[in-house]
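What follows is a set of notes on a single structure, which appears directly below.
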Amino acid sequence: MAIKKVGVLGCGLMGSGIAQVSAMAGYDVVVLETEQKAIDKGFAGIEKSLSKLTEKPVDKGGITAEQKSAAQGRMKGTLNKQDLADCDLIVEAIIENVEIKKKMYAELDALVKKDCIFATNTSSISVTDLMAATKRPERFIGLHFFNPVPLMKLVEVVKTIATAPDVFEQAVEFGTKVGKVPVRTSDKTGFIVNRLLVPYLLDAIRAYEEGVGSIGDIDNAMKLGCGYPMGPFTLLDFVGLDTTYYITHVMFDEFKERRFASPALLKRMVAAGWYGRKSGNGFYNYADPQNPKENKF
């Protein structure tokens with residue numbers, strides 16, 4: 001079965017990004033949301049992202065005005081689940097809540113065609129657990145994209161013990177066609193990236209708690225000493241402290257190891273509503289987003 005039409009569940013940062021790269025790759029795309037204002041906001045973000053690409057030379061990753069128009073013409077927003085009935089692939093990118101995701105999959109399972117592939121963009125929830133809400137275990141996979149989707153080149157393609165080999169390879173091929181570098185992995189908590197990244201980020205917080213260095217000095221040390229594009233605290237603020245805190249719970253529940261446990265400072269910051277860039281305060285204060293100031297704790 002060739003993938004021609006892609007459904008995307010959710011039009012937030014991840015969903016709109018997945019929709020954009022799919023449409024740019026030539027797929028027809030339908031994006032499902034619960035409110036029209038969410039569709040409008042997501043599509044406005046896509047318009048802004050595509051417009052930036054038209055300002056770049058084509059030989060440096062830019063697109064023409066004609067390519068922008070064609071991509072937009074292949075995308076449609078909807079509030080009606082029935083509009084996904086003829087999709088070949090449906091990628092879910094909604095809230096990281098197991099029960100909400102399962103409910104969505106169960107409803108769509110009865111609506112869409114039998115050979116449609118279901119995929120989840122989850123970064124931490126068990127793909128197998130979500131798969132169990134459907135009657136198509138062999139056609140269920142993980143497609144973990146990274147934010148911002150149009151710019152980040154990686155996608156983790158995640159198989160469960162029930163995923164059919166041909167479905168897995170179709171997912172890898174899809175990842176390549178939307179301009180990503182697919183890495184194959186299995187349904188182990190954290191997959192590849194978060195399994196290695198989360199302990200590093202949490203250790204950075206512990207190092208700060210223990211007085212090893214300031215937030216800015218630790219960030220600079222990892223940027224200049226290891227060649228990382230951003231330090232751990234800048235990255236934490238970018239990802240979202242609430243998101244990281246949630247992931248720590250999932251990973252600690254799985255492994256029961258201190259390296260996956262949330263440090264006290266992270267817990268208190270999330271409790272205070274300090275989520276990073278999106279809330280205006282995290283390890284840095286973003287009153288002036290172009291010149292964030294290091295917070296002191």
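Out of D237, D288, which single residue is within 24 Å of K223 (Cβ to Cβ), touching a Lys or Arg at 6+ places or on another chain (Cβ under 6 Å) and of a type in the set (D, E)? Outline the logic, then answer.
Numbers: D288 fails: touching a Lys or Arg at 6+ places or on another chain (Cβ under 6 Å).
The unique qualifying residue is D237.
Would it be correct to say that T128 is surrounded by fewer than 20 Cβ atoms within 10 Å (Cβ to Cβ), touching a Pro at 6+ places or on another chain (Cβ under 9 Å) and polar (S, T, N, Q)?
On the way: surrounded by fewer than 20 Cβ atoms within 10 Å (Cβ to Cβ): yes; touching a Pro at 6+ places or on another chain (Cβ under 9 Å): yes; polar (S, T, N, Q): yes.
It is true that T128 is surrounded by fewer than 20 Cβ atoms within 10 Å (Cβ to Cβ), touching a Pro at 6+ places or on another chain (Cβ under 9 Å) and polar (S, T, N, Q).
Hey, can you tell me all the residues within the range 241-294 that are on the phi > 0 side of the Ramachandran plot and over 22 Å from the mean Cα position of the chain (by Cα)? Step through it out loud before you land on a result.
Looking only at the range 241-294, we keep the residues that are on the phi > 0 side of the Ramachandran plot, and these are 256, 273, 276, 280.
Matches in the range 241-294: K256 only.
For (1) part of a loop (DSSP other than H, G, I, E, B); (2) surrounded by fewer than 16 Cβ atoms within 10 Å (Cβ to Cβ), each residue gets a yes or a no:
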| residue | (1), (2) |
| --- | --- |
| I95 | yes, yes |
| E99 | no, yes |
| K103 | no, yes |
| F118 | no, no |
| S124 | yes, no |
| A133 | yes, no |
| E138 | no, yes |
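Take the range 212-241 and flag every residue that is among the charged types (D, E, K, R) and buried (at least 20 other Cβ atoms within 10 Å of the Cβ).
Step one: filter the range 212-241 for residues among the charged types (D, E, K, R), giving 217, 219, 223, 237.
Selection gives D219, D237.
What's the total number of residues in the range 150-167 that are out of contact with any Leu (no Cβ under 8 Å at 6 or more places or on another chain) and crowded, with 18+ Cβ neighbours inside 10 Å?
Here is the first cut: in the range 150-167, the residues out of contact with any Leu (no Cβ under 8 Å at 6 or more places or on another chain) are 151-154, 159-167.
Remaining after also requiring crowded, with 18+ Cβ neighbours inside 10 Å: 159-160, 163, 167.
Adding up the residues that qualify gives 4.
Among L235, L241, L266, L224, which is modelled with pLDDT of 95 or more, more than 25 Å from T189 (Cα to Cα), of a type in the set (A, V, I, L, M, F, W, C) and out of contact with any Pro (no Cβ under 7 Å at 6 or more places or on another chain)?
Numbers: L235 fails: more than 25 Å from T189 (Cα to Cα); L241 fails: more than 25 Å from T189 (Cα to Cα); L266 fails: more than 25 Å from T189 (Cα to Cα).
The match here is L224.
Please specify each residue of the range 168-182 satisfying the condition of being surrounded by fewer than 18 Cβ atoms within 10 Å (Cβ to Cβ) and either touching a Leu at 6+ places or on another chain (Cβ under 7 Å) or more than 22 Å from I18 (Cβ to Cβ) (or both).
The one that is surrounded by fewer than 18 Cβ atoms within 10 Å (Cβ to Cβ) and either touching a Leu at 6+ places or on another chain (Cβ under 7 Å) or more than 22 Å from I18 (Cβ to Cβ) (or both): V181.
With the requirement that a residue be closer than 14 Å to I205 by Cα and not in a helix (DSSP H, G or I), what does the range 241-275 give you? Break it down into steps so the answer makes sense when it comes.
The initial filter retains those residues of the range 241-275 that are closer than 14 Å to I205 by Cα, namely 241, 244-245, 248, 258-270.
Result: A261, S262, P263.
When residues of the range 205-236 are filtered for being closer than 21 Å to N147 by Cα and among the small types (G, A, S), how many remain?
2
If I go through the range 59-93 residue by residue, how many of them are among the charged types (D, E, K, R), touching a residue at least 60 places away in the same chain (Cβ under 8 Å) and part of a strand (DSSP E or B)?
1
Among the candidates L154, L108, single out the residue that is within 27 Å of L196 (Cα to Cα) and either in contact with a strand residue (DSSP E or B) (Cβ under 8 Å, 6 or more places away or on another chain) or among the charged types (D, E, K, R) (or both).
Values: L108 fails: within 27 Å of L196 (Cα to Cα).
Exactly one residue qualifies, and that residue is L154.
So how many residues does the range 64-89 have that are within 13 Å of V8 (Cβ to Cβ) and not polar (S, T, N, Q)?
Within the range 64-89, the subset within 13 Å of V8 (Cβ to Cβ) is 74-78, 81, 83-84, 87-89.
Filter again for not polar (S, T, N, Q), leaving 74-77, 81, 83-84, 87-89.
Within the range 64-89, residues that are within 13 Å of V8 (Cβ to Cβ) and not polar (S, T, N, Q) number 10.
L151 passes all but one of (1) at pLDDT 95 or above; (2) assigned to a loop (DSSP other than H, G, I, E, B); which number fails?
Answer for L151: the failing condition is (1).
Test E107 against the criterion of being under 18 Å from D28 (Cα atoms), of a type outside the set (K, R) and at pLDDT 95 or above, and give yes or no. Explain how you work it out, then say what you get.
Numbers: under 18 Å from D28 (Cα atoms): no; of a type outside the set (K, R): yes; at pLDDT 95 or above: yes.
Spelling it out, it is not the case that E107 is under 18 Å from D28 (Cα atoms), of a type outside the set (K, R) and at pLDDT 95 or above.
The values are calculated or read from the model by the stated rules, or taken from the named source; none is laboratory data. All values reported here derive from a predicted model rather than from experimental measurement. In this analysis, Cβ positions are derived from the backbone assuming ideal geometry, glycine residues included, and neighbour counts consider all displayed protein chains.
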